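Read through the structure below, which is laid out as structure tokens, and then see the notes.
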Amino acid sequence: MDVYLQEYSADEAITRYTSRTAGHGISYLLENDYAEVYLSAISQFLKGPPERPLRLLEFGCGGGMNIITLLSLLERRGRSVELAIGTDFSEKLILAAKEESRNLLSVTQQEKIHFAVARNETIAADLRRALNGSGVELENSFHLLLGVNTFRYCHRLGKAGECARDLATLLAPGGVCIMIDMNRRFPAFRSKFRDKKTKAEAERYLPSLEEYASPFEEAGLEILRKENFCWIPHSASARMTQLCRLLTPALNAVAQPMAMRSLVVSRKGG
């Protein structure tokens, strides 16, 4: 854990995980490919009346890009959000997320979003402590959970089961959990080459698609979607993003299992 704390508390982490400096690729994905995943999960899989205000939680939120963008996107499309919470184990990234929300959201939206320091594998207990006295209900209350580029660390720490069980307790009956993370079969992640010389194998392990899905299934969630997708790097320039967009149909046709991201969408019964 000390390795991850050091890595994600460095100034470089703020650059990688906040919207203005993370790269054109992630900005595009948040409004397009990832947005499609989130919006289709809400429209197709989320149980409950469509006029119900949503409660959102992003685990491992980093600098808050996903939860901030999703809150804004939903309300632009006329879907009300009651509450949005982002959590991360890095206090430095949580401070950056709070600053991002002040810069990017309206005053009304800022009142709906909260950020808290919490580890994925103990997220329910950590949230209770962080929000003590706030009156926010946690267990069985969130309609949508999402985590991007974070669940692999639970596997590396041997805590994937604990994380999935905690997330399941936070989901409302009929609520949906979305996990997006690196696909081990994609051959060209820069980190694979960079980290090979500096990190032990356990610190750079990438789960298979089945390994990503299994803890959620074991936690009692129904697996609704399990696939590989996305050919655009988060750090891509505008030109690289456009090139990857043009190549995506052909790449999907011949090599979809090797796409950059693994996606697991699951739902709590009820």
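The values are calculated or read from the model by the stated rules, or taken from the named source; none is laboratory data. In this text, all values refer to a predicted model and were calculated from it rather than measured experimentally. No Cβ is skipped: glycine too gets one built from the backbone with ideal geometry, and neighbour counts run over all protein chains shown. Keep in mind that these areas ignore ligands, DNA and RNA; they rest on the heavy atoms of the full protein, side chains included. Shrake-Rupley method; radii C 1.70, N 1.55, O 1.52, S 1.80 Å.
Of note:
- Annotation for I223 and V136: the two label points, set 7 Å from Cα along the Cα-Cβ direction, are 3.1 nm apart.
- Protection-proxy order for peptides 145-157, 240-252, each taking the mean of Cβ atoms within 10 Å per residue, highest first: 145-157, 240-252
- Here the accessible area of the chain is 51 percent carbon and sulfur, with a 1.4 angstrom probe and all protein chains present.
- Relative protection proxy for 75-84, 43-52, from highest mean packing down: 75-84, 43-52 (other beta-carbon atoms within 10 angstrom).
- One chain, two ends: L39 and A202. Fully extended at 0.36 nm per residue, the span grows by 55.3 nm beyond their Cα-Cα distance.
- Accessible area of the chain divided out per residue, in Å², using a probe of 1.4 angstrom: 46 Å²
- Among the protein heavy atoms, those of K226 account for about 80 Å² of accessible surface (1.4 Å probe, every chain in place).
- In a reduced charge model with +1 at each Lys and Arg Cβ and -1 at each Asp and Glu Cβ, the chain shows a dipole moment near 640 debye about its Cα centre.
- Region 66-135 and region 239-270 have Cα centres lying 27 Å from one another.
- Mean Kyte hydropathy of 0.5 or more with a Cα span along the axis of at least 15 Å, helices from DSSP in the chain: 65-76, 238-255
- Links that overshoot a 29 Å alpha carbon limit, given the list K47/K92; K112/K199; K159/K226; K92/K199; K92/K226; K92/K268: K47/K92; K112/K199; K92/K226; K92/K268
- Convex hull volume of the C-alpha atoms in region 137-267, normalised per residue: 124 Å³.
- A simple count of charges around V117, restricted to other residues whose Cβ falls under 9 Å of its Cβ and scoring Lys, Arg +1 and Asp, Glu -1, yields -2.
- Cα lying deepest toward the dipole's positive end in the chain, options P49, W231, F89, charges on Cβ: W231
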